1. So which pairs qualify, if the first residue must be in the stretch 134-153 and over 14 Å from residue 99 (Cβ atoms), the second must be open to solvent by less than 60 Å² (accessible area, probe 1.4 Å) and at pLDDT below 95, the Cβ gap must be under 6 Å, and the two must be at least 6 apart or on different chains?
2. Among the residues of the stretch 83-129, write down those that are under 30 Å from residue 208 (Cα atoms), open to solvent by less than 50 Å² (accessible area, probe 1.4 Å) and not polar (S, T, N, Q).
3. Considering only residues that are among the small types (Gly, Ala, Ser) and touching a helix residue (DSSP H, G or I) at 6+ places or on another chain (Cβ under 8 Å), look in the stretch 134-151 and name the one that is farthest from residue 18 (Cα to Cα).
4. Give the stretch 40-64 a look and list any residue that's over 22 Å from residue 149 (Cα atoms) and open to solvent by 30 Å² or more (accessible area, probe 1.4 Å), or say none.
5. Among strands (runs of 3 or more DSSP E) lying entirely in the stretch 13-113, which contain 2 or more residues that are of a type outside the set (Gly, Ala, Ser), within 26 Å of residue 129 (Cβ to Cβ) and at pLDDT 95 or above?
6. Return yes when residue 76 is crowded, with 23+ Cβ neighbours inside 10 Å, of a type outside the set (Phe, Trp, Tyr) and closer than 12 Å to residue 22 by Cβ and no when it is not.
7. Got a number for residues in the stretch 132-143 being part of a helix (DSSP H, G or I) and modelled with pLDDT of 95 or more?
8. For the stretch 144-229, please list each of the helices (runs of 4 or more DSSP H) lying entirely inside it that holds at least 2 residues being under 29 Å from residue 104 (Cβ atoms) and among the polar types (S, T, N, Q).
Amino acid sequence: MPHAVLSAAQMPPLRLCALPGVYRPQADTWLLADALAREELGPGTAVMEIGTGTGALALHAAARGARVTAVDVSWAAVIAAYVNALRWRLPLRVLHGDFATRARGQRFDLVLSNPPYVPSPNPRLPTRGAERAWDAGPTGRMLIDRICAKAASMLRPGGVLLMVHSGMCDARSTVRQLEGTGLTARVAFRTLVPWGPVLRARRAWLEEQGLADEGDAWEELVIIRAQHP
């Protein structure tokens with residue numbers, strides 16, 4: 001299985017509008033973009049991105065001819081993605097709201113997600129502020145588990161889910177949950193990135209929870225690829 005170490009200097013720049021509180025593309029974005037580049041896309045390919053943020057990944061898919069729906073619970077993200085679509089002159093359907101509600105009655109060839117996955121002492125998801133883009137409860141799985149439960153109903157036969165999250169969130173659990181819904185699933189890619197400021201600020205708590213070892217300075221990111229039979 002490929003395994004690499006990325007640094008900030010290696011990450012390609014994108015000229016994207018990002019309003020305050022909207023997640024800016026980072027290492028996890030580019031890792032998911034690499035996985036996206038390996039998938040076959042073209043005119044007629046129906047794509048949904050869950051938690052679009054600036055729309056970076058949705059726009060990469062749209063640039064390859066896919067019909068893309070981008071969803072986010074943040075109005076600021078919806079505005080940013082819409083503005084970026086206009087700037088790039090790419091067709092993008094941007095919707096505000098919960099992904100499961102917005103996807104109801106529809107199926108897609110590809111579902112993308114870089115969901116909030118950072119373990120947090122707060123047992124509830126934040127409803128405002130920048131933390132909304134990364135905090136995901138004590139195990140970091142509050143959004144991951146919902147996506148695992150809904151993915152099979154969102155995919156057409158042969159459709160693919162690509163999701164990135166931290167190794168702290170237990171990739172094996174993600175694979176098991178997806179397989180339990182009838183999908184084939186695997187960890188398709190792994191990489192290591194330096195701890196960012198959010199993890200560093202929570203070091204003591206993460207160590208107490210057994211989610212990190214003393215002295216850890218690198219976070220593993222994983223790409224989960226699941227496919228509908």
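The values are calculated or read from the model by the stated rules, or taken from the named source; none is laboratory data. Given the structure is predicted, the values throughout are model-derived calculations rather than measurements. Heads up, the Cβs are rebuilt from the backbone with ideal geometry, glycines too, and the neighbour counts pull from every protein chain shown. The accessibility values were calculated without ligands, DNA or RNA, using every heavy atom of the protein model including side chains. Shrake-Rupley method; radii C 1.70, N 1.55, O 1.52, S 1.80 Å.
1. 135/126
2. Of the stretch 83-129, the ones under 30 Å from residue 208 (Cα atoms) are 113-129.
Those still in the list that are open to solvent by less than 50 Å² (accessible area, probe 1.4 Å) too: 113-120, 126, 129.
The answer is 115, 116, 117, 118, 119, 126, 129.
3. Looking only at the stretch 134-151, we keep the residues that are among the small types (Gly, Ala, Ser), and these are 136-137, 140, 149, 151.
Adding the requirement that they be touching a helix residue (DSSP H, G or I) at 6+ places or on another chain (Cβ under 8 Å) leaves 136, 140, 149, 151.
Details: 136: 21, 140: 24, 149: 30, 151: 28 Å.
Ranking the candidates gives 149 first.
4. Result: 40, 41, 43, 44, 60, 63, 64.
5. On the way: elements: 46-50, 67-72, 93-96, 108-113.
Those strands (runs of 3 or more DSSP E) span 46-50, 67-72, 93-96.
6. Values: crowded, with 23+ Cβ neighbours inside 10 Å: no; of a type outside the set (Phe, Trp, Tyr): yes; closer than 12 Å to residue 22 by Cβ: yes.
So residue 76 fails the test.
7. Our first condition is that a residue be part of a helix (DSSP H, G or I); within the stretch 132-143, this holds for 132-133, 142-143.
With modelled with pLDDT of 95 or more added as a condition, the list becomes 142-143.
Total meeting the criteria: 2.
8. Working: elements: 171-180, 197-201, 203-208.
Filter on the stretch 144-229 gives 171-180.
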